[in-house]
Amino acid sequence: MLYWDHAATTPPYKEVVETMAEIMNQHYGNPSALHQAGEDAAKLLKRAREVCAGTLGVQSSEIVFTSGATEGNNIAIKGVAMHYRSRGQHIITTKTEHPSVYECCRQLESLGWEITYIPVDEYGVVDPLQVASVIRKDTVLVSIMHVNNETGAVQPLNEIGKLVKEKNSRTLFHVDGVQGFGKLSVSLKDWKVDLYTLSAHKFKGPKGAGILYVQQGIKLFPLLAGGSQENGQRPGTENVASAVAVAKAMRLAQERQDTFYDKIGKLRSLLLNEIRSIPDFVLNSSEKGAPHIVHFSYPGLKPEVLVHTLEELGMLVSTKSACSSRNSEPSRVLQAMGKDKEIAASGIRISMGWEHTDDDMNRLVIALRQSADKLRPLSAKRG
Ligand code: PLP
């Protein structure tokens, strides 16, 4: 079987798994404890924080370890909304955010916050001027993702960050960086980002682990009440093994980013061309997207039929994103890009990882052609 679902999750690095096992076996102390085992764990945690911070070019006191990006996005958005409530209750986001941002904003909306959902163009990209045009005095937060998890569309964060701060220097800028880190370069300082979320299992780290960068001086209302761990922003006994593994995966992902971009970017260009040449498929990803994600639709066909046909041919791909693959609603992201319901309901995502070779891509392309041929009578009947 060839695994083509790296935007859903990645197989962890061997070193990451070994590190976690070693720490769980040998350094199991509680970092808050005063004895030797506690101090030993605290040192490992401190070092992990320094590595994560170094990778992003920020201070280690600005890193909060989380259970992943769903938690990170919720802590960031609700934490800002609630802490800065008296300053204003207006938040800006886009129509194509991951559910951990979108639904979080919807919850706040139901509690009285005003949310502006910015549209995207046909390629899934936001116009920075449109973001700037809706910033107000009471806008406390702008939350925009780096790379879209369904289509791979890349947002112009540099321009957006600059315009946000020009329009209102007190408006905070949050970026869900999950699908961009390790694939594209990241510059929190240039983008003027105040809060930044990552999830380790998207770059070959452990599942249930991530980080949230919170710029010095920013206050968040803590969603969980408890101890003072993670600067009081995320109470609970720290998962030291996971933090060390996140640091290791972050460093490896950053070191290999350029090679990833070149190697996987080439495979992506090839795949885009092949998909364009299969008449049944409609390409939804643009040439300018992130190097690892390709999204297309097979109108007239339920996407799970294509997923299972490809699986029989040894190829594991997905419909939409992992967290919404079991709902059969047309994709909110594709609809926001102006795609009709049929296209939005028949999307397939292929996402590549480090391991893929030219030979793997050749095998995938053959399987795609065979599946399209096999399913054509079915889709024609439905259409
Ligand atoms: N944000 C984006 C863009 C994602 O792709 C994902 C995962 O699919 C998440 C957030 C949520 O990450 P996690 O699985 O760590 O909760």
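Pairs on different chains or at least eight residues apart, Cα atoms closer than 17 Å: how many lysine pairs in region 266-377 fit?
Qualifying lysine pairs in region 266-377: 7.
Rank M145, M20, M250 by mean-square fluctuation in a GNM of the chain with C-alpha springs under 10 angstrom and give only the top-ranked residue.
Between M145, M20, M250, it is M20 that shows the largest mean-square fluctuation.
For the chain, set up a GNM with springs between Cα atoms under 10 Å and report which of H295, H35, H90 has the largest fluctuation.
Result for the chain, Cα springs under 10 Å: H35 fluctuates most.
Sorted from fewest to most neighbouring beta carbons within 10 Å, what does the list S371, S61 look like?
S61, S371
Quick check: residue separation of K189 and T259 times 0.36 nm, minus the Cα distance between them. What number comes out in nm?
Taking K189 through T259 to full extension adds about 22.8 nm, to one decimal.
What's the ranking of 221-230, 265-274, 344-353 by average number of surrounding C-beta atoms within 10 Å, highest first?
My ranking of the peptides, most packed first, is 344-353, 265-274, 221-230.
Could you pull out every residue, at least 5 positions away or on a different chain, whose amide H is within less than 5 Å of the one on M315? Hs are placed 1.01 Å off N in the peptide plane, and Pro or chain starts have none.
Distant-sequence amide H within range of M315: L2.
Can you give the net charge of the other residues whose Cβ lies under 15 Å from the Cβ of G226, counting K and R as +1 and D and E as -1?
Result for the neighbourhood of G226: -2.
Which loop trypsin sites (Lys or Arg not before Pro) in region 51-154, with loop taken from DSSP, have no more than 12 other Cβ atoms within 10 angstrom of their Cβ?
For trypsin sites (Lys or Arg not before Pro) across region 51-154 that sit outside H, G, I, E and B with at most 12 neighbouring Cβ atoms in 10 Å, the list reads K137.
Given the options E238, E329, E97, which has the most mean-square fluctuation in a GNM of the chain, springs set between C-alpha atoms less than 10 angstrom apart?
Per the Cα network of the chain with a 10 Å cutoff, E329 tops the list.
Within a Cβ distance under 14 Å of S110, other residues only, what is the Lys/Arg minus Asp/Glu net charge?
That sum, taken over residues with Cβ under 14 Å, equals -1.
Based only on other Cβ atoms within 10 Å, what is the fewest-to-most ordering of V51, V17?
V17, V51
What is the ratio of the Cα radius of gyration of region 1-66 to 2.2 N^0.38 Å, with N the residue count, to two decimals?
Compared with the compact-globule rule of thumb, region 1-66 sits at 1.41.
Relative contact order of region 179-299, please, whole-number percent, based on alpha carbon pairs below 8 angstrom and at least 6 residues apart.
23
Taking all pairs of different Cα atoms in region 14-252, averaging 1/r and flipping that mean, what Kirkwood radius in angstroms comes out?
When all Cα pairs of region 14-252 are included, the Kirkwood radius is 18.2 Å.
Give me W4, W354 ranked fewest to most by other Cβ atoms within 10 Å of their Cβ, as a rough exposure proxy.
Arranged by neighbour count, lowest to highest, W4, W354 become W354, W4.
Just need the relative contact order of the chain here, percent rounded to a whole number, with Cα pairs under 8 Å and 6+ apart.
22
Charges only on Cβ, +1 for Lys and Arg, -1 for Asp and Glu: so what's the dipole of the chain about the Cα centre, in debye to the nearest 20?
With only Lys, Arg, Asp and Glu charged at Cβ, the dipole is about 620 debye.
So in the chain, what percent of DSSP beta bridges are antiparallel if you round to the nearest 5?
50
Evaluate the relative contact order of region 58-183 (contact order divided by residue number), counting alpha-carbon pairs under 8 angstrom at least 6 apart; express in whole percent.
Relative contact order of region 58-183: 26 percent.
Would you pull out the residues with amide H under 5 Å of T94's amide H, same chain only if 5 or more places away, H placed 1.01 Å from N?
Answer set, sorted by chain and number: I118.
Helix-only mean residue ellipticity at 222 nm, the chain, DSSP H runs n ≥ 4 weighted -39,500 (n - 2.57), per residue, nearest 500. What is it?
Calculated from helices alone, the mean residue ellipticity at 222 nm is -13500 deg cm²/dmol.
Read the figures in this text as sums done on the coordinates, not as results from a lab. Because the structure is a prediction, the values reported are computed rather than measured. For neighbour counting, all protein chains shown are included, and Cβ atoms are generated from backbone atoms with ideal geometry for every residue, glycine included.
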